[in-house]
Every structure is written in C-alpha cells, then in structure tokens.
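Taking it in order: structure first as structure tokens, then the write-up.
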Amino acid sequence: MPVFLPVILFAVWLLLVGSVWRRPQRGALVVAAVTPFDGLLAIMRLPDLADGWKEGLLVAAIASAALRNSRTPCPRGGLAGFAPWWPAAAAFVLIGTASAFVAHGTDGIVAVKITFFYLVAVPLLLWWAPFDSRDRDVLVSILMATGVAVSVLGLVQQRLGPDRMVGWGYEYGEQVRSAGGLFRTFSTFGQPFPFALFVTTSLLVGGAVALGDPRRLRNSLFLVMSPIMAFAMTTAVVRAAVLGLVLGAIWIAATRFPPLFALLGAGLVTVLCALPFLPASAVDALTSGSSLDERRSGWSGIVDSLAVHPLGAGLGATGSAADALRESDGGTTAAAYQPDNYYVKVLVELGPIGLWLVVLLLGGALATAYLAARTATGDDAAFAGGVGASIVAAIGASIVSTYFEIFPLDFFFWLLLGAVGCAQAQRGSCSDRWRSRRAEAASRRTAANS
C-alpha cells in the first residue's frame, strides 16, 4: 500500500467532517453512500483506526446537530410522532446495557457498542437534524445506485473467481467462502451475508419507489436493473436474503401494488422450470438442510440456558458481540455460541423480557411504516411502503440470521425507519402551518387592496 494513501484518506475524511459540520444531515447520507464499499478496507491494509470512520462521522454530525439545534420546530406529535416505537427501544437499550455491565464489567461497553450504537445514534441525529423531502429522495437515489453498483461488481467478482480474490488480499474462510462447491459472492462487503441482504433492502425500497413513479428516468433504469440485482444476490447463496426478498415483495404487493402478485407468480414458475437445468451443486447449496440441522442442535440448549439464567446470560453472551469480547481479552475464553437467529440470540442474552421488547420494537417499526404509507402522498408514500417491506424482510431474515448484528444492515434499518419518521413528523408541523397562515394573510391583503 502506498505510504501516502492513509494521509490522503484522512484528509478526505476531515473534509467530510467539515461538510457535515455545516449540515449534519450530510453525515447520514455520506455514511449511507460509502458503507456498501466498507469491505474494501480489508485489502487496503489501513490502520485499525480507519474502521471507525463511519462512527466518527456520525458522532460529528450528532455534535453539530446538537449545537446548532437544527431540528425542525414543533414536529407534529413530538417524539411520539417521529418515533412511536421509542419506549420499546429505550427499554431494550437500558436493559441490554445494564445486563452487559453486570455480565462483563467495563468490557460490556464492547457489546453495547456493537448492539446499540446505530439504534441510538441514527434516530438521535435525525431527531435533531431531520431529513427533508430532498434528503429522502437523495437517500433513495443512493440506495438504488449503490445497490446496482455492488450487484454488477459482484457478478464481475463471480467471473474472476476466488483465487483472484485471495491474490488481491482477501482471506479464505473470512471474505472468500463457498457453499456446495460454489464461490459465494461478497462484492465490496466483508462477507456474502451483508452483500445479499443489502441488495434485498435496495430492491425493496428502490423497487417500491420506482413502481410509484415509473416514468422518472432514475426509477425506470432501476426497474430494468432489478432482475440483474436479484440474480447477483442469489450468487451469494444467502437464504435469509431470498426469504427476506420474497416476504418484502409480498408485503409491497399486498399493501401497494397488487399486480406484483402476478410477477411473483411468474417468477416462481420460472424458477421451478429452471431447476432441472441448474447444476446440482447450486440446487444443493440453496436447499441443503445441514445448516438448519446445526441451528436446531444449538437451539436445543436454550431451555437449559434459561433454566440457569432466567433473565438471560447478559448482552454479549452470543454472536459477534461475544466474538469481539473474546478478542478483547486475548482469546482466553471459550468460543462463543452463534445462534444464527436474532430472536434466539436475544432470548439467550436478555431472556423473555428482552425478546418481548424486540417484538414490540419491530412491531412498532412496521406499524409506523405502514401508517405512513397509508397517510402520506406521492414519493413519501411509496418510500414508506418500501421501508415497510424492508422491515418485513428484516423480521423474516432474523429467523435465520443475526440480522441486527450484520453491518451495514443495522445502520440502514434505523436510517430508513428514521427517515419515515421525519416525513410523518413534518406533515402538519408548526413551520408548515406558519407558512400556510402567512400565505393566507397575503391573500387577504391582496383581496382588500382590490
């Protein structure tokens, strides 16, 4: 790696911080645009500090928003109008944080950061510096453009093969993986899972917006590229992404675009007709029950775990948070249990109370997006419908993955939900009513003068 590259990247980061300081909303948009390419850091050999660029940028944006008090005045309904799900989120964060410090002492901050950073940081930023309609449109454009870009790059990667990826600096078993002899595409991400699940989110949100206004050039181009994106997603061999895409598409068809059911049916028929012509290794990789059997064997010990820890073993007892804690103590502890199910993970760590809070939180998030799609108009209605579909996809994918521990999916989940909250809170806000009264007064003066 050239010696000057870290210096150049640091200078660029400082310029971004300066831009974000002038308008905090840019922080969330920049992170949204760049995080799909965060996996490239693995071959850039930068200092470990570089991994924290997105957290640093968001913290700078939050600090600027807090100091400038740039939150829209008097949003309708206050915090409840912006985030009706906030009581469940607050209780989840408080209980999880307390359990982390009880179970791990000061090291519990590692588990808290991995689990809650984006849940807290992103809504807080959007509460103080809310997205306007233009910001939301830019966010959709970012999702569309990055979704198409990483899909095309993923197909190129599939063509180049795993050996070329290893030659570039990626590692077998980390970024480079296989299933049934098939190379699993990871594109510009760190693993196949975030790549496939991000493309799912891009397809659902971008697809809903594009279907709402297919005559717009951006939207029509995205619809043309959607089949290519879906195919690229399947090359990652991530069943959680396929499940999420199907569930999300059904949600869009049921709530906004019923003709989509016909397209889903045609897609199902096409897949069934193509199965006999696909390589046996590809079919086995997607339909194999071995991973499910492994999950079941792990889940069988949950009852025993709850008998010992009825309130949970504490945040960071499983998953990537546990791996991070293990690394922080030099790897002296035993390897952590990987449940591959977010609900099981929460049940093991925080017990039935924690699981109930997660159910309330996700249910509240879905209800927020659904009501926004029903009450909003135009692009905001289509956007909220797509976000609702992405929430349904996340709920379904969490059955077979620890969805909210996979970066950048956790970031995008809260960013999209917060953007919907901004749209709802700004409808009928004090500033809108003030502009309306001003226009009415001007109209009355004109009538009097005539």
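Between residue 63 and residue 172, the contour length at 0.36 nm per residue exceeds the Cα-Cα span by 35.2 nm. For the pair residue 273 and residue 40, the difference between a 0.36 nm per residue extended length and the Cα-Cα distance amounts to 80.1 nm. Short-range pairs are left out: with C-alpha atoms under 8 Å and at least six residues apart, the relative contact order of segment 134-210 is 36 percent.
Which parts of segment 345-361 would a label at residue 90 reach, counting a residue when its backbone N lies under 15 Å from a point 7 Å out along Cα-to-Cβ? Label zone hits: 361.
Using mean Cβ contacts within 10 Å as the protection proxy, how do 313-324, 214-225 order, highest first?
Numbers: 313-324: 23.4, 214-225: 14.4.
Most protected by this proxy first, the peptides run 313-324, 214-225.
Tell me, in nm to one decimal, what length is gained between residue 33 and residue 375 on full extension, where the rule is 0.36 nm per residue of separation less the Cα-Cα distance? Numbers along the way, then the final one.
Working: separation 342, 0.36 × 342 = 123.12 nm, distance 2.87 nm.
Separation in residues times 0.36 nm, less the Cα-Cα distance, equals 120.2 nm.
Highest-first packing order for the peptide set 191-198, 229-236, 165-172, 53-60 is 191-198, 229-236, 53-60, 165-172, based on the mean count of other beta carbon atoms within 10 Å.
Order these peptides, 144-151, 21-28, by their mean beta-carbon neighbour count within 10 angstrom, highest first.
On the way: 144-151: 22.4, 21-28: 20.8.
Taking the mean over residues of other Cβ atoms within 10 Å, the ranking is 144-151, 21-28.
As a calculated quantity, the FRET efficiency between residue 221 and residue 360 at R0 = 41 Å, using C-beta atoms, amounts to about 0.55.
Every read-out reported here was derived from the displayed coordinates using simple, explicitly stated rules and does not represent laboratory data. Worth saying up front: this structure is predicted, and the values here are computed from it rather than measured. Cβ atoms come from the backbone with ideal geometry, glycine included; neighbour counts cover every protein chain shown.
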